[in-house]
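Colleague: What follows is a structure written as C-alpha cells; I'll ask about it next.
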Amino acid sequence: QSMTNTDTRDVGATLKQIRDVARVGCELIRLAVPDEDAANRLFEIAKASPIPVIADIHFHHKLALMALDAGVAALRINPGNIGAKWKVEEIARAARQRGVPIRVGANSGSLPKDLIEKFEGAKPEALVEAALREVKILEDIGFDAIKISVKAAHVNTTVRAYEMLSKKCDYPLHLGLTEAGPML
C-alpha cells in the first residue's frame, strides 16, 4: 500500500501516480480527502484506478459518506476526531451496507494529550491505548470490519506497539511507519 502525494482534486495527476505505483507492485492506494471538492473527484478516481482506493478522512463525517458513495474500497478514519457519536454511527452503517472496512489507529504525532502525560511521551503503551479507544467507539455501535494501525516515527516504538496490540485484539493490523519517506 502507498499513499498519493498529489492533490486529490487533480484527477489526472492522481490517476497517473496511482498507475505508476501500481505498475511497480503497489496493491492498494490511499488518498487524502480534505474537502468536498476532493470527495467529489473520488468516483472518477475509484472507477479508473487499477487498484482499490482507500479514502483518508479527518474530522468531517460527510466526506466519509461521500467517499463511500463514490465506491472506495476502504476508509481510514479516527472515530475520535469525527465528532459526535451519531456521525460515527452514520459512517459505520453506510460502510457496513457497502461491505467496506474501516482502518483506525494512532499516530505518535497526534496522540491525545492525556495519554502523552500518562505514559510520559509517545510510548508504545500510549499508541496501543489510543488505538483501542478508537476501536471501542466502533465496537460500541456494533461495527467490527476494522483494521488497526499504531504508527510511530521510530521503528522500535512501532514494532513494540504492534507486538503489544497483537496480544490485546484479533483485528488485522495495518503495518507501517509514520513520517516515512525521503528526507526533504
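Colleague: Mean shadow of segment 130-181, computed from the convex hull of its alpha carbons, in nm²?
Modeller: It is 3.7 nm².
Colleague: As a check on your grasp of the helix formula, calculate [θ] at 222 nm for the chain: sum -39500 (n - 2.57) over DSSP H runs of n ≥ 4, divide by the residue count, round to the nearest 500. Can you show the working numbers first?
Modeller: On the way: 8 runs with 89 residues, N = 184.
One gets -14500 deg cm²/dmol as the mean residue ellipticity at 222 nm.
Colleague: Output the direction-averaged projected area (hull surface divided by four) of the convex hull of the alpha-carbon atoms of segment 26-67, in nm².
Modeller: Averaging across all directions leaves 2.7 nm² for the Cα convex hull.
Colleague: Please state, rounded to one decimal and in Å, the Kirkwood hydrodynamic radius that the chain gives when every pair of distinct Cα atoms enters the mean of 1/r.
Modeller: Hydrodynamic radius (Kirkwood, Cα pairs) of the chain is 16.8 Å.
Colleague: Kindly provide log₁₀ I(q)/I(0) values, in the same order as q = 0.14, 0.19, 0.24, 0.28 Å⁻¹, from the Debye equation applied to equal alpha-carbon scatterers of segment 94-155.
Modeller: -0.43, -0.68, -0.91, -1.10
Colleague: Using the heavy atoms of the protein chains alone and a 1.4 angstrom probe, what is the accessible area of segment 69-184 per residue in square angstrom?
Modeller: Values: 6230 Å² over 116 residues.
Spelled out: the 1.4 Å probe surface of segment 69-184, per residue, equals 54 Å².
Colleague: Any chance you could tell me what percent of the C-alpha pair distances in segment 1-76 go past 16 Å?
Modeller: 37
Colleague: Out of the total accessible area of the chain (probe 1.4 Å, heavy atoms of protein only), what percent is carbon and sulfur?
Modeller: 52
The values are calculated or read from the model by the stated rules, or taken from the named source; none is laboratory data. Model, not experiment: these values are computed from the prediction. Heavy atoms of the whole protein, side chains included, go into the accessibility calculation; ligands, DNA and RNA do not. Shrake-Rupley method; radii C 1.70, N 1.55, O 1.52, S 1.80 Å.
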